[in-house]
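A quick write-up on the structure given underneath.
The values are calculated or read from the model by the stated rules, or taken from the named source; none is laboratory data. The shown structure was predicted, so the numbers you read here are calculated from the model rather than taken from an experiment. Cβ placement follows ideal geometry from the backbone for every residue including glycine, while neighbour counts extend to all protein chains displayed.
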Amino acid sequence: MTNAHEIFEEVRGFKSSEMDLLLPNNLSLEKAMILEKVISNNITENPPINLHDGGVFKKGVNSKLDSLRDIKNIKQKEILDMQEEYGRLTEITNLKIKFNNIHGYFVEVTNKNAKKVINNENFKFNLIQNTVNNSRFQTEELRKVSDEILNAQEESIILEKDLYSEICQKINNANKEIYHISKKISFVDVISSFASLALDKNYCRPNIVSENKIEIIDGRHPVVEESLFKNAQEFTPNDCVMSKNNFAWLMTGPNMAGKSTFLRQTAIIIILNQIGSFVPAKSANLGVFDKVFTRMELQTTCPRVCQLL
């Protein structure tokens, strides 16, 4: 939305009544800017892809959400303290407290040190799992902290989903304004791209005539020309002149002579003309067409992207 505002400010700077047609109405723009502030003030800069992961909203958006997050942070610090304490009680320096979705938080030691935990007189450790290399234990204290963290995390995710739904509803309520602005932006994007392309690639402004006519002088295939340009080569332009007295051509030539490229080139120039773009030619006088029929083999020397045109 911020970029949209900047785009329309640029358009407004031209101070032309014709350019004003590209601007959205002020009410739509004001609503969109309010919506942009709602999003930027609430959503983190890099939110997670999955809403269930949490962390969508910034700190300070909701006091209850902040409190739930603080519980997790505080309890995780307690777990680090517990890890240090359990290591001291068992005299195991590499004792770790880990987490998985099955057991929550648990104590993990190597099988070599398992007896030190099982036979510990200072604290009760409950064996919950043996793996090939390690043994895992749970304590009542650790289970309680684990439950508090998981409950706070689950509650915070539910709250975030509710807050997110509220923002989505605000966005949905402004769908008409968003659509209106999107149409304006897309039109500005298209015509500015047309203008940039015409200037950079030396395209000409075609004349649209009422008669059924194709008159293209020094026409060029835009995609092939660009491909050749990247390899420091030039495209050889060619003409196409057809009218009601000369409405059919029969083209012959060896393989890879450019027959298919010429056909595509003519069709592309006609289509570019009718969507409002300048065309890759020295000059062009074109009627209005409602259909383009082609049938040709896809195997060609034309660049792969050309095969789609």
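Taking every residue in the stretch 146-160 that is farther than 10 Å from His52 by Cα and pairing it with any residue that is aromatic (Phe, Trp, Tyr), at least 6 positions away or on another chain, the pairs with Cβ-Cβ distances below 7 Å are Ser146/Tyr105.
Confirm whether Glu211 is more than 24 Å from the chain's Cα centre (by Cα), assigned by TED's automatic domain parsing to the domain that holds Pro47, of a type outside the set (A, V, I, L, M) and surrounded by fewer than 18 Cβ atoms within 10 Å (Cβ to Cβ).
Working: more than 24 Å from the chain's Cα centre (by Cα): yes; assigned by TED's automatic domain parsing to the domain that holds Pro47: no; of a type outside the set (A, V, I, L, M): yes; surrounded by fewer than 18 Cβ atoms within 10 Å (Cβ to Cβ): yes.
Here the answer is no, as Glu211 does not meet what is asked.
From the list Ser193, Ser182, which residue is under 24 Å from Leu272 (Cβ atoms), among the hydroxyl-bearing types (Ser, Thr, Tyr), under 22 Å from the mean Cα position of the chain (by Cα) and modelled with pLDDT of 90 or more? So the residue among Ser193, Ser182 that is under 24 Å from Leu272 (Cβ atoms), among the hydroxyl-bearing types (Ser, Thr, Tyr), under 22 Å from the mean Cα position of the chain (by Cα) and modelled with pLDDT of 90 or more is Ser193.
Could you tell me whether Tyr86 is surrounded by 14 or more Cβ atoms within 10 Å (Cβ to Cβ), touching a Ser or Thr at 6+ places or on another chain (Cβ under 6 Å) and either under 20 Å from Asn151 (Cβ atoms) or assigned by TED's automatic domain parsing to the domain that holds Ile158 (or both)?
Working: surrounded by 14 or more Cβ atoms within 10 Å (Cβ to Cβ): yes; touching a Ser or Thr at 6+ places or on another chain (Cβ under 6 Å): no; either under 20 Å from Asn151 (Cβ atoms) or assigned by TED's automatic domain parsing to the domain that holds Ile158 (or both): yes.
So Tyr86 fails the test.
Lys31 meets each of the listed conditions (1) within 28 Å of Leu159 (Cα to Cα); (2) surrounded by fewer than 17 Cβ atoms within 10 Å (Cβ to Cβ); (3) outside the structural domain of Asn173 (by TED's automatic domain parsing); (4) not small (Gly, Ala, Ser) apart from (2).
Taking the stretch 138-157 only, how many residues are within 22 Å of Ile118 (Cβ to Cβ) and either polar (S, T, N, Q) or loosely packed, with under 14 Cβ neighbours inside 10 Å (or both)?
From the stretch 138-157, those within 22 Å of Ile118 (Cβ to Cβ) are 138-146; that's our starting set.
Next cut, either polar (S, T, N, Q) or loosely packed, with under 14 Cβ neighbours inside 10 Å (or both) only: 138-140, 144, 146.
Count: 5.
Just checking, does the stretch 238-253 include any residue being assigned to a loop (DSSP other than H, G, I, E, B) and in contact (Cβ under 8 Å) with a residue 40 or more places away in the chain? Within the stretch 238-253 (the criterion being assigned to a loop (DSSP other than H, G, I, E, B) and in contact (Cβ under 8 Å) with a residue 40 or more places away in the chain), the answer is no, since none of the residues qualifies. Could you please let me know if Asn120 is surrounded by 14 or more Cβ atoms within 10 Å (Cβ to Cβ), out of contact with any Cys (no Cβ under 6 Å at 6 or more places or on another chain) and in the same structural domain as Gln153 (by TED's automatic domain parsing)? Spelling it out, Asn120 is indeed surrounded by 14 or more Cβ atoms within 10 Å (Cβ to Cβ), out of contact with any Cys (no Cβ under 6 Å at 6 or more places or on another chain) and in the same structural domain as Gln153 (by TED's automatic domain parsing). Taking (1) farther than 30 Å from His103 by Cβ; (2) surrounded by fewer than 16 Cβ atoms within 10 Å (Cβ to Cβ); (3) touching a helix residue (DSSP H, G or I) at 6+ places or on another chain (Cβ under 8 Å) in turn, Phe235 satisfies each apart from (2). All told, Lys112 falls short of being closer than 30 Å to Ala32 by Cα and not β-branched (Val, Ile, Thr).
What's the total number of residues in the stretch 89-102 that are assigned to a loop (DSSP other than H, G, I, E, B) and surrounded by fewer than 17 Cβ atoms within 10 Å (Cβ to Cβ)?
Filtering the stretch 89-102 for residues assigned to a loop (DSSP other than H, G, I, E, B) gives 91-95, 101-102.
Keeping just the survivors that are surrounded by fewer than 17 Cβ atoms within 10 Å (Cβ to Cβ) gives 91, 93-94, 101-102.
Number of matching residues: 5.
Name the residues in the stretch 160-184 that are acidic (Asp, Glu) and surrounded by fewer than 13 Cβ atoms within 10 Å (Cβ to Cβ), would you? If you could, list the steps in order and put the result at the bottom.
In the first step, residues of the stretch 160-184 are kept if they are acidic (Asp, Glu); the result is 160, 162, 166, 177.
Selection gives Asp162, Glu166.
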